[in-house]
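J.: Input: one structure, supplied below.
The values are calculated or read from the model by the stated rules, or taken from the named source; none is laboratory data. Quantities reported herein were computed from a predicted structural model and do not represent experimental measurements. Neighbour counts are summed over all protein chains in view; Cβ atoms, including those assigned to glycine, are modelled from backbone coordinates with ideal geometry.
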Amino acid sequence: MAMYGYAGKILRLDLTNREVLVLNTEKYRGWGGGHGLGSALFWEFCRDKTIIDGRNPANVCVVATSPLCGTSVPSATGRCEVVAVGVGYDGISWFTRSGIGGRFSTMLKYAGWDAVVIEGRSEKPVWVDIRNDKVVIRDAAGLWGKDAWTAQQEIWSIIGSSAGTHNAWQDLADLKGADKQERKDEGRSTQKPAVMVIGPAGENQCHGALIHDAGNGAGQGGFGSVWGSKNLKAISVIGTGSIKVADPKALIQARQALKQKYITSYEKPDFRQWSRIGGLARPITQAPIPTDERRPQSCQGCVNGCRSRSNLGYGNESACQETSWYNEFIQKVAKNAKEFGELSLRVADLCQKYGINSFVLQTGLPWLEHLHEEGVLGPGKKIHSTLPWEKLGTLEFAEKLIHALSTKTDIGRDLAEGWVPAARKWGREKDLHTGAMQFSYWGCPEHGYDPRAELEWGYGSIMGDRDTNLHCFNFMFTTVSAAFAYSLPIRIEAEDLVRIQARKMAPYAKDRPEVFDFSDANMYSEAVAQLVRWQQHYCRFWKNSALYCDLKWPDLFNTNAPNREGATGSSDAGEQVFWNAVTGDAMTLEDGIALGRRIWNLDNAIWVLQGRHRDRVHFAPYVYETKYEKNELFPFYMWPCRDEKGKWAYTDLMGRSLDKKKFDEWKTLFYRLEGWNTKTGWPTRKTLEQLNLVFAAEALKAAGRLGEEEKA
Amino acid sequence: MNTRLSPPTEELAIRILAAVPYKDRIPAGRLTPRLGITRGSVRGLPELHLYLAPDTRTLPGMNLERLADWIEQVIRDPELAGAVRAAARTAGSHVDGCMQVYELVGLRLDQAREATGRHEANAPIREES
């Protein structure tokens, strides 16, 4: 099989024995890359797939690239996928995933590696030094205990050229500590190594610890704790190779087509466009950056520039969540917008240095404030804490909170094992019923797309392994709601919008616009189950394995294109066009979705071995017992729905709860469509055989967890 | 907008510049593309002014009718409440309404600072809760 796009080798790190092993990628070629590759490697090398805590030494963590990494495919070349059993969920920490952008995947490919498999546990702290095909497991005593930025800088100083990287080509063989024997590579580079690193939160194995590469982080899953449990501080990689592309001309043509047809004109930009791939480069920093002296910054090879660098000296490359979670509290103390922005960005820097995922604090901190205001959390209270709550909103409070969460001190001692487990320990289970604590699924915080309104988000999360964080469709909600908020003209009417999208949604939802109907009458339907399936299967391959960026793909509708159809699946600039140009394959969009289904089923087999059963698959109680507050947090949650007469209109989805019994019935529909036993949610042999997953069927049978066949 | 508000008494001005207890806060969500609707709350008019500040990244999600009630009942400023209510009812859009209220609250804060002699911009004064 042709190996265009692949580096060709996979690196196996046995930390227990400090051994470095090499695998040939070709054996795993059929999984594509990224998540598929990671799941397959996890399956092969994790000897105990029943573990439920990622800190177990049997856990295997895989960092995987895709064939597109290191090429010039738009919004796909700089991403990386991390998989392993996670840390800090409620009950069972599932085998899970997280994506990370930046430079690491590209540099790993240029060094000759498609993935890194991390096994075992080192006796002492180590870091891994990869320079092309030279791989050394080094002692990390001098790095352990240092924050993520300091550790990265020290690694750069260790590997840096004596002549400096700014004014001389760097010859890897001349670096300090380099093997002076005959070289296989003649590589030179002006680049610094890409360094994935953990901070104190990871070293202390705390909930929410993440893995960093500069402003990027593999946030969900708690993989920083997984690395910490393995005594792995960092992986540094510098490579000087390149990636062979099967058809460079086709790749350039597809880029040109994308630019000309789907991306807004820079000369006459449409600022109110409705599209995902087609926007102007714009940082998604959620705080007012207090300077105009700044420029966009992006993952390697990407044209989007969703992060920002400025002349401020702080907040560089922080974006999205970490620049948002504390803003509600900053506004209580900031004197003006400038101070607001500075505080927000400095707090983001703290998260980066400690290596902690601030996502949990978006809903978690209001809950802690609630406990404090109720008088149960504070000095000498039932939940003892010496955090300075009177300074909530200040940098000082944020630093003390993040320090506590990252070092298992103060309330961080209990929260390190997960926030929902801590709530139970503190006797606050009632908060999961009232909604005071909004952790909707698997002990994960609600994202901002409430499962009572936005069904594909909620259902997708609970049928999966974490907060799904897949923005395939919810661009409809934000775009349409913003148009309503500004009283702007509707660019695409509801009926047209769902029809345009459904045209692209083979095989489950092709020309079935009713899959988007989230009205009360349709919210537990087979159609909605098909939508959830399409999103999960599409993403398991195209987004998590091929590593197309969630910010930009899929592009289902696009007001830049003459017919308003987006780039997804198109014959000139669809996902498969770029894939085929790089790899030489002849894949269709549907082929990718079919492979995504196979990967999703392998994941599900792991979840079942870990203890997944349909009885476990339920939201937090508040999702059933309370309503999504109508007109309280936002005036409306607009989504295309049909009325009783079948007429489509943008409709407000607020003001409702989920019906537990009806949701349970919906699960039966979903399991049936997936070919899983409806009583258990376990996959059947027939389904696994159809997906060429006989080995998974055998493992499930041996564990007594193979789903019984059911009559159609 | 051409709204006239009579200058507040010193007693009202102190309330206008103060933060209210947690139990009296008003819910205030925010729509941020990619993050979705995030929960929040507001505990005073200086904070409200920052919350409503124009920002191309996000949209404030407060119910302006409920805000008018809150200003009337919790801050106890019926004149501002009336102006907010009127703005909410006549605004061309939700965002336009938020902008008008932002300006009204800014005007009221300036008046309150003038009345109390506290000229520090938007510095919230906290009451014991």
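J.: For the list (1) buried (at least 18 other Cβ atoms within 10 Å of the Cβ); (2) without any contact (Cβ under 8 Å) to a residue 12 or more places away in the chain; (3) not basic (Lys, Arg), I need the number of the one condition that A:PRO366 fails.
T.: (2)
J.: Here are some residues: B:PRO46, B:PRO78, B:PRO60. Which one is closer than 23 Å to B:SER6 by Cα and at pLDDT below 95?
T.: B:PRO46
J.: Scan the stretch A:273-296 and tell me whether some residue there is under 30 Å from A:LYS134 (Cβ atoms) and either under 20 Å from the mean Cα position of the chain (by Cα) or surrounded by fewer than 23 Cβ atoms within 10 Å (Cβ to Cβ) (or both).
T.: No, the stretch A:273-296 contains no residue that is under 30 Å from A:LYS134 (Cβ atoms) and either under 20 Å from the mean Cα position of the chain (by Cα) or surrounded by fewer than 23 Cβ atoms within 10 Å (Cβ to Cβ) (or both).
J.: Given the criterion free of Cβ contacts under 8 Å to residues at least 12 places away in the same chain, surrounded by fewer than 20 Cβ atoms within 10 Å (Cβ to Cβ) and either farther than 20 Å from A:GLY393 by Cβ or within 12 Å of chain A (Cβ to nearest Cβ) (or both), identify the matching residue among B:GLU79, B:GLU72, B:GLU65, B:GLU10.
T.: Answer to the check: B:GLU72.
J.: Further, regarding this structure: Out of A:LEU371, A:LEU405, A:LEU415, A:LEU392, which single residue is among the hydrophobic types (A, V, I, L, M, F, W, C), surrounded by 18 or more Cβ atoms within 10 Å (Cβ to Cβ) and out of contact with any helix residue (DSSP H, G or I) (no Cβ under 7 Å at 6 or more places or on another chain)?
T.: A:LEU371
J.: Between a residue in the stretch A:308-335 that is on the phi > 0 side of the Ramachandran plot and any residue that is of a type in the set (Val, Ile, Thr), which pairs come within a Cβ distance under 9 Å, given they are 6 or more apart or on different chains?
T.: A:GLY315/A:THR285; A:GLY315/A:ILE289; A:GLY315/A:THR323; A:CYS320/A:ILE284; A:CYS320/A:THR285; A:CYS320/B:THR32
J.: So which residues in the stretch B:28-37 are at the interface with chain A (Cβ under 7 Å from one of its Cβ atoms) and either touching a residue at least 24 places away in the same chain (Cβ under 8 Å) or not in a strand (DSSP E or B) (or both), if there are any at all?
T.: Hits for the stretch B:28-37 are B:GLY29, B:LEU31, B:THR32, B:PRO33, B:ARG34, B:LEU35, B:ILE37.
J.: While we're here: How many residues does the stretch A:35-62 contain that are hydrophobic (A, V, I, L, M, F, W, C) and assigned to a helix (DSSP H, G or I)?
T.: Residues in the stretch A:35-62 being hydrophobic (A, V, I, L, M, F, W, C) and assigned to a helix (DSSP H, G or I): 6 in total.
J.: Tally the residues that are in contact with a helix residue (DSSP H, G or I) (Cβ under 8 Å, 6 or more places away or on another chain) and in a loop (DSSP other than H, G, I, E, B), restricting the search to the stretch A:63-88.
T.: 17
J.: Let me ask you something else. Name the single residue that is nearest to A:ILE599 (Cα to Cα) among those in the stretch A:472-488 being within 12 Å of another protein chain (Cβ to nearest Cβ) and not in a helix (DSSP H, G or I).
T.: A:ASN474
J.: Checking A:PHE340 against (1) farther than 21 Å from A:ARG276 by Cα; (2) crowded, with 19+ Cβ neighbours inside 10 Å; (3) more than 9 Å from chain B (Cβ to nearest Cβ); (4) touching a Leu at 6+ places or on another chain (Cβ under 8 Å), only one condition comes out false. Which one?
T.: (3)
J.: Looking at A:ALA482, A:ALA494 in this structure, which one is free of Cβ contacts under 8 Å to residues at least 24 places away in the same chain and over 17 Å from A:ALA561 (Cα atoms)?
T.: A:ALA482
J.: Which ones in the stretch B:38-57 are at the interface with another protein chain (Cβ under 7 Å from one of its Cβ atoms), out of contact with any helix residue (DSSP H, G or I) (no Cβ under 9 Å at 6 or more places or on another chain) and not in a helix (DSSP H, G or I)?
T.: B:ARG57
J.: Just to be sure, is A:LYS400 touching a Pro at 6+ places or on another chain (Cβ under 7 Å) and away from every other protein chain (no Cβ under 14 Å)?
T.: Considered against the rule, which asks whether it is touching a Pro at 6+ places or on another chain (Cβ under 7 Å) and away from every other protein chain (no Cβ under 14 Å), A:LYS400 comes out as yes.
J.: Looking at the structure I just gave you, is B:THR3 more than 28 Å from A:PRO366 (Cβ to Cβ) and either modelled with pLDDT under 95 or not in a loop (DSSP other than H, G, I, E, B) (or both)?
T.: When the stated conditions are applied, B:THR3 passes them.
J.: Now for a different question. Answer yes if at least one residue in the stretch A:262-272 is in contact (Cβ under 8 Å) with a residue 12 or more places away in the chain and in a helix (DSSP H, G or I), and no otherwise.
T.: Among the residues of the stretch A:262-272, at least one is in contact (Cβ under 8 Å) with a residue 12 or more places away in the chain and in a helix (DSSP H, G or I), which makes the answer yes.
J.: Hey, any hits in the stretch A:526-541 for a residue that's in a loop (DSSP other than H, G, I, E, B), under 27 Å from A:TRP682 (Cα atoms), modelled with pLDDT of 95 or more and β-branched (Val, Ile, Thr)?
T.: The answer is no, given that none of the residues of the stretch A:526-541 is in a loop (DSSP other than H, G, I, E, B), under 27 Å from A:TRP682 (Cα atoms), modelled with pLDDT of 95 or more and β-branched (Val, Ile, Thr).
J.: Would you check if B:ASP24 is at pLDDT 95 or above and within 9 Å of another protein chain (Cβ to nearest Cβ)?
T.: no
J.: Can you confirm whether A:CYS299 is of a type outside the set (Val, Ile, Thr), within 14 Å of chain B (Cβ to nearest Cβ) and either surrounded by fewer than 23 Cβ atoms within 10 Å (Cβ to Cβ) or within 27 Å of A:LYS543 (Cα to Cα) (or both)?
T.: No: the conditions fail for A:CYS299.
J.: Which one is nearest to the other protein chains (Cβ to nearest Cβ), of the residues in the stretch A:328-337 that are in contact with a Gly (Cβ under 8 Å, 6 or more places away or on another chain) and in a helix (DSSP H, G or I)?
T.: A:GLU328
J.: Select from the stretch A:302-326 the residues that are within 14 Å of another protein chain (Cβ to nearest Cβ) and not in a loop (DSSP other than H, G, I, E, B) and list them in ascending order.
T.: A:ARG307, A:SER308, A:CYS320, A:GLN321, A:GLU322, A:THR323
J.: Return a yes/no flag: does the stretch B:29-40 have any residue that is modelled with pLDDT of 90 or more, of a type in the set (A, V, I, L, M, F, W, C) and surrounded by fewer than 20 Cβ atoms within 10 Å (Cβ to Cβ).
T.: no
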